[in-house]
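Student: Quick one: structure below, then a few questions.
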Amino acid sequence: MEWLRKFLDGRYFRSDELSIALLSVTVILGISGLIAGIPMLYYLADVFFLVYIFRNYSRNIERRVAENAKFMEIFGPFFRKVAEPFKNVFNRVRDRKTHVYLKCPSCKQTLRLPKGKGKLKVTCPKCKTDFYKTT
Ligand SMILES: [Zn+2]
């Protein structure tokens, strides 16, 4: 497996934001192409996928990092907005044993509390409303 280790050594392999975006676009174009029956869309999906593969196997780490920084400069706010709900779901699944999530009764802000601490007095960080919650 020495050749494989050598082959993979020093390659980029990072799930940076640009990679995630490229994969998402690939999937979205591919699926819409299939549903709409427009081959052009999945050819386009292939192009995005090739760029994704190229970046992952690239050894020019510096260049890839710079690319991602440039991408985030332009699409960062949009990307974070789109990614946020997914991140929240991911966090909830990850924290399900240690934390409970609830909404502030007054402003509906989502709050995260440690689990198994008994009755807690909660102060909403957004609207400063106090309420009690048993976790
Ligand atoms: Zn609140």
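Student: How about residue 87: which lysines have a C-alpha closer than 19 Å to its C-alpha, ignoring those fewer than 8 places off in the same chain?
Tutor: Correct list for residue 87: 97, 103, 108.
Student: I need to check one value: relative contact order of segment 68-135, counting alpha carbon pairs closer than 8 Å and at least 6 residues apart, in percent. Please list the in-between numbers first.
Tutor: Values: 64 pairs, mean separation 13.6, N = 68.
Once divided by the residue count of segment 68-135, the mean separation gives 20 percent.
Student: The chain: longest stretch without exposed trypsin sites (Lys or Arg not before Pro) (DSSP loop, at most 16 other Cβ within 10 Å), sites themselves excluded?
Tutor: 15-58
Student: Now, a different point. Say R0 is 41 Å: what FRET efficiency, to the nearest 0.05, do residue 75 and residue 112 get from their beta-carbon distance? Spell out each step's value before the answer.
Tutor: On the way: r = 28 Å, r/R0 = 0.68.
Efficiency at R0 = 41 Å is approximately 0.90.
Student: Another one. What is the gain in length, in nm to one decimal, between residue 133 and residue 121 on full extension, counting 0.36 nm per residue of separation less the C-alpha to C-alpha distance?
Tutor: Numbers: separation 12, 0.36 × 12 = 4.32 nm, distance 0.66 nm.
My answer for the length gained is 3.7 nm.
Student: Report the FRET efficiency, 1/(1 + (r/R0)^6), for residue 89 and residue 5, where r is their Cβ-Cβ distance and R0 is 30 Å, rounded to 0.05.
Tutor: Numbers: r = 36 Å, r/R0 = 1.18.
Approximately 0.25, to the nearest 0.05.
Student: Net charge near residue 84, counting Lys/Arg +1 and Asp/Glu -1 over other residues with Cβ under 14 Å of its Cβ? Intermediate results must be reported in sequence, preceding the final value.
Tutor: Values: positive: 80, 81, 87, 92; negative: 17.
Result for the local shell: +3.
Student: In units of 2.2 N^0.38 Å, what is the alpha-carbon radius of gyration of the chain? Write down the numbers at each step before the final one.
Tutor: Values: Rg = 21.6 Å, N = 135, 2.2 N^0.38 = 14.2 Å.
Cα Rg divided by the expected 2.2 N^0.38 Å: 1.52.
Student: About its Cα centre, how strong a charge dipole does the chain have in debye, to the nearest 20, once Lys and Arg get +1 and Asp and Glu get -1 at the Cβ?
Tutor: Dipole of the chain, to the nearest 20 debye: 1120 debye.
Student: Of 68, 1, 132, which is farthest along the charge dipole of the chain in the positive direction, counting Lys and Arg as +1 and Asp and Glu as -1 at C-beta?
Tutor: 132
A short reminder: the numbers here are calculations on the coordinates, not readings from a lab. Predicted, not measured: the structure shown is a model, and the values here were computed from it. Positions of Cβ are backbone-derived with ideal geometry, glycine not excepted, and every protein chain shown enters the neighbour counts.
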